[in-house]
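The values are calculated or read from the model by the stated rules, or taken from the named source; none is laboratory data. Just so we're clear, the structure is a prediction, and the values are computed from it rather than from any experiment. Counting neighbours? That spans all protein chains shown, and the Cβs are built from the backbone with ideal geometry, glycine included. SASA here: full protein model, heavy atoms, side chains in, ligands and nucleic acids out. Shrake-Rupley method; radii C 1.70, N 1.55, O 1.52, S 1.80 Å.
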Amino acid sequence: YLAVDPNAPAIEMLQRTKNDVLLFLVTAQGALLIVTLLISIFISHRIAGPLYKLGKFFQEAKSGNLKQDLHFRKSDYFKELAVSYNDMAHGLRSILDKNLMGMSKAISRIEQATAHADPEGRRALDEALAALREARDQIPH
């Protein structure tokens, strides 16, 4: 301990400086906390938004809706997921379209064959036609 008068002007100046520095540090820490919170909210939206939208598109695909392409905002993360989803949806749509076309051709051929079939064969062809039409109608267009 120094043998200094506690009421000396130098001690008062040091006390004021200490208080000013403490106030600055508390204010700076509060400001940095606010900035950190804002940045984390911004970044989490750039992550959570695309994942939420991707989930919605998977629900739509599950229902058979593959017609809409997935796009994220310019600043979002995971753009490669949107590209992959769109590639998958296009591929599935292509397969479904080919299957629909094949089913339609098969239905036409069976309808033509039905006209020339005997009654027993006609009944079997009608059953096959009904099953094929039902399967075709369940495929989303």
Cβ pairs under 6 Å, 6+ apart or interchain, first in the range 102-114 and in contact (Cβ under 8 Å) with a residue 24 or more places away in the chain, second not aliphatic (A, V, I, L, M), ordered by first then second residue, are MET103/ARG136
Which one is nearest to ILE41 (Cα to Cα), of the residues in the range 69-105 that are open to solvent by 40 Å² or more (accessible area, probe 1.4 Å) and among the aromatic types (Phe, Trp, Tyr)? TYR77
From the option list LEU70, LEU66, LEU33, LEU37, single residue qualifying as modelled with pLDDT of 95 or more and either in contact with a helix residue (DSSP H, G or I) (Cβ under 8 Å, 6 or more places away or on another chain) or under 13 Å from ASN86 (Cβ atoms) (or both) is LEU70
Within the range 106-141, how many residues turn out to be in a helix (DSSP H, G or I) and open to solvent by 90 Å² or more (accessible area, probe 1.4 Å)? 10
Look at ALA28 and say whether it is farther than 30 Å from ASP97 by Cα, open to solvent by less than 90 Å² (accessible area, probe 1.4 Å) and at pLDDT below 95. no
Taking the range 58-68 as the region of interest, how many residues are in a helix (DSSP H, G or I) and either open to solvent by 100 Å² or more (accessible area, probe 1.4 Å) or not small (Gly, Ala, Ser) (or both)? 4
Quick one: what pairs do we get from the range 39-57, first residue free of Cβ contacts under 8 Å to residues at least 40 places away in the same chain, second open to solvent by 50 Å² or more (accessible area, probe 1.4 Å) and assigned to a helix (DSSP H, G or I), C-beta under 9 Å, 6+ apart or different chains? PRO50/LYS79; PRO50/LEU81; LEU51/LEU81; LEU54/LEU81
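Let's see how each residue does on (1) closer than 30 Å to GLN138 by Cα; (2) small (Gly, Ala, Ser); (3) in a helix (DSSP H, G or I):
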residue	(1), (2), (3)
ASP20	no, no, yes
ALA31	no, yes, yes
LEU38	no, no, yes
LYS56	yes, no, yes
LEU70	yes, no, no
GLU80	no, no, yes
ASN86	yes, no, yes
GLY91	yes, yes, yes
Going by what's in this entry, would GLY55 be described as open to solvent by less than 90 Å² (accessible area, probe 1.4 Å) and closer than 30 Å to ILE95 by Cβ? yes
